[in-house]
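Worksheet for the structure shown next.
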Amino acid sequence: MEAGRIVRRVRRLGWVVLLGSLAVLGAALNTGNNLLHLLGSLGLASLLVSWMMSKLMLRRTRVLVQVEGEPVAGELIPVELTTRASLPYFGTAGLLLRVGSGERLAIPHVPSGPAGRHVTELDGRARGVSPLELELACLFPLGMVEARRPLSAPELLVLPRALPAPDGTSAAGAERGAELARRGPGTELDEVRPWQDGDEPRRIDWKTTARRGELMVREHLDETQRRAVVIVDLSSPTDEPAEEERVEKVVSWAADAVQRLELAGLFVELVLPSGRHPGNAREHLRQLARLQAPRPGSLAAGWWRGQVDPDENPLLLSTGAAA
């Protein structure tokens, strides 16, 4: 969808044609040469046609930009362009889609009729909320005049890139989390095993006992122990803000940890300064994408201790460890 008005400007080639045409017409007036009159008039006419046609092309073109999926920091962003031209017969041409201040995607021709679709890729962006600044330009027909119009586009939420910690912290957390899904008082049956000293009589499986002729006990997965807690501490141990490189390392480690723990079959809770956040790995990645380092001194050391029970065996990822 378009937003904003069309703005036109004469490009360098247009100024050269304009000044050259005026010079030729001046010479024609002094000499009475009809050929010079013709050449000067053609130059001015071509500039006038470019001025009008560039705006007409933009008015008759619709471009919809859709980002496929959720982009990840540092990776190319797949984008689908849906174009439609309402100019009969010929369609529109000479279009250029600018993304931000650097990327340019050429759209040489948009035929009249049904919408066309084009898939392309944009350069990767840093983690966080990234505005997608789009502008549609037209240089048709001779490139002497540029008409441009901003396009409305949603902001991109760029997810953090998942990287395992160099010391294996996140991997060890996933392995420990898998071990924590141990047997205990729960509702999900794990197995039926022979009786052992210390087992509770109420857990005897009488049907299996009668069939096998020995006492058999039902084992369940402990639901309370199938929960993993990941603490992300971006506070600085000094009075200076945490270095951006350290912050991004910790966020990437946390992104790796929450995905590994979920794959290990655990329910993951993310502990941030804003509180405890239950959810799946995708929800945690979105929270990590928006996470910013706190101001120095705004958080006390060990701020997370009041939110986490030591018996939960939390996985702590901090900027101090990323030093």
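The values are calculated or read from the model by the stated rules, or taken from the named source; none is laboratory data. Worth saying up front: this structure is predicted, and the values here are computed from it rather than measured. Glycine gets a Cβ as well: all are built from the backbone with ideal geometry, and neighbour counts include every protein chain shown. Side chains included, ligands, DNA and RNA excluded: accessible areas come from the protein's heavy atoms. Shrake-Rupley method; radii C 1.70, N 1.55, O 1.52, S 1.80 Å.
Being among the acidic types (Asp, Glu) and touching a strand residue (DSSP E or B) at 6+ places or on another chain (Cβ under 7 Å) narrows it down to one residue among GLU269, GLU244, GLU248; which is it? Reasoning before the result, please.
On the way: GLU244 fails: touching a strand residue (DSSP E or B) at 6+ places or on another chain (Cβ under 7 Å); GLU248 fails: touching a strand residue (DSSP E or B) at 6+ places or on another chain (Cβ under 7 Å).
GLU269 is the lone residue from the list that is among the acidic types (Asp, Glu) and touching a strand residue (DSSP E or B) at 6+ places or on another chain (Cβ under 7 Å).
For GLY74, indicate whether it is out of contact with any strand residue (DSSP E or B) (no Cβ under 7 Å at 6 or more places or on another chain) and in contact (Cβ under 8 Å) with a residue 60 or more places away in the chain. Lay out the reasoning, then the answer.
On the way: out of contact with any strand residue (DSSP E or B) (no Cβ under 7 Å at 6 or more places or on another chain): yes; in contact (Cβ under 8 Å) with a residue 60 or more places away in the chain: yes.
Spelling it out, GLY74 is indeed out of contact with any strand residue (DSSP E or B) (no Cβ under 7 Å at 6 or more places or on another chain) and in contact (Cβ under 8 Å) with a residue 60 or more places away in the chain.
Which residue pairs have Cβ atoms under 6 Å apart, sit 6 or more places apart or on different chains, and have a first residue in region 275-287 that is farther than 16 Å from TRP304 by Cβ and a second that is open to solvent by 60 Å² or more (accessible area, probe 1.4 Å)?
ALA281/GLN259; ALA281/GLU262
Are there strands (runs of 3 or more DSSP E) fully within region 227-315 with at least 2 residues that are crowded, with 16+ Cβ neighbours inside 10 Å? List them.
Values: elements: 227-233, 267-272, 275-278.
Here the list reads 227-233, 267-272.
For VAL268, are the conditions met, namely being in contact (Cβ under 8 Å) with a residue 24 or more places away in the chain and more than 26 Å from the chain's Cα centre (by Cα)? Explain how you work it out, then say what you get.
Working: in contact (Cβ under 8 Å) with a residue 24 or more places away in the chain: yes; more than 26 Å from the chain's Cα centre (by Cα): no.
So VAL268 does not fit the description; no.
Just name the residue that is farthest from ALA137 (Cα to Cα) out of those in region 107-121 that are open to solvent by 90 Å² or more (accessible area, probe 1.4 Å) and more than 25 Å from the chain's Cα centre (by Cα).
Here is the first cut: in region 107-121, the ones open to solvent by 90 Å² or more (accessible area, probe 1.4 Å) are 108, 114, 117, 119, 121.
If we keep only those that are more than 25 Å from the chain's Cα centre (by Cα) as well, we get 108, 114.
Numbers: PRO108: 11, PRO114: 21 Å.
Looking at the filtered set, the residue picked out is PRO114.
So which strands (runs of 3 or more DSSP E) stay within region 1-100 end to end and still have 1 or more residues that are under 30 Å from GLU283 (Cβ atoms)? Working first, answer last.
Values: elements: 7-10, 61-67, 77-85, 92-99.
Of the strands (runs of 3 or more DSSP E) lying wholly inside region 1-100, those with at least 1 residues that are under 30 Å from GLU283 (Cβ atoms) span 61-67, 77-85, 92-99.
Among (1) over 30 Å from LYS249 (Cα atoms); (2) open to solvent by 20 Å² or more (accessible area, probe 1.4 Å); (3) touching a residue at least 60 places away in the same chain (Cβ under 8 Å), which single condition is THR61 missing?
Failing condition for THR61: (2).
Considering each of ALA153, ALA181, ALA171 in turn, give the residue that is under 30 Å from ARG60 (Cα atoms), modelled with pLDDT under 85 and open to solvent by less than 80 Å² (accessible area, probe 1.4 Å). Break it down into steps so the answer makes sense when it comes.
Working: ALA181 fails: under 30 Å from ARG60 (Cα atoms); ALA171 fails: under 30 Å from ARG60 (Cα atoms).
Checking each option against the conditions leaves just ALA153.
Could you say whether any residue in region 73-89 is under 22 Å from VAL10 (Cβ atoms), open to solvent by 30 Å² or more (accessible area, probe 1.4 Å) and touching a Leu at 6+ places or on another chain (Cβ under 9 Å)?
Step one: filter region 73-89 for residues under 22 Å from VAL10 (Cβ atoms), giving none.
Within region 73-89, none of the residues are under 22 Å from VAL10 (Cβ atoms), open to solvent by 30 Å² or more (accessible area, probe 1.4 Å) and touching a Leu at 6+ places or on another chain (Cβ under 9 Å).
Restricting attention to region 12-57, which residues are of a type in the set (D, E, K, R) and closer than 13 Å to PRO141 by Cβ? Walk me through it before giving the result.
Pass one, region 12-57, residues of a type in the set (D, E, K, R): 12, 55.
Residue satisfying the conditions is LYS55 alone.
Condition test on SER130, is it under 30 Å from GLY14 (Cα atoms) and among the polar types (S, T, N, Q)?
No.
Does region 287-298 contain any residue that is of a type in the set (D, E, K, R) and under 30 Å from PRO131 (Cβ atoms)?
First pass over region 287-298, keeping only residues of a type in the set (D, E, K, R): 290, 295.
Now drop any that are not under 30 Å from PRO131 (Cβ atoms), which leaves 290, 295.
The answer is yes, given that some residue of region 287-298 is of a type in the set (D, E, K, R) and under 30 Å from PRO131 (Cβ atoms).
From ARG161, ARG104, ARG125, ARG148, which residue is open to solvent by 60 Å² or more (accessible area, probe 1.4 Å), over 24 Å from GLY14 (Cβ atoms) and within 28 Å of the chain's Cα centre (by Cα)? Full working, then the answer.
Working: ARG104 fails: over 24 Å from GLY14 (Cβ atoms); ARG125 fails: open to solvent by 60 Å² or more (accessible area, probe 1.4 Å); ARG148 fails: over 24 Å from GLY14 (Cβ atoms).
From the options ARG161, ARG104, ARG125, ARG148, the qualifying one is ARG161.
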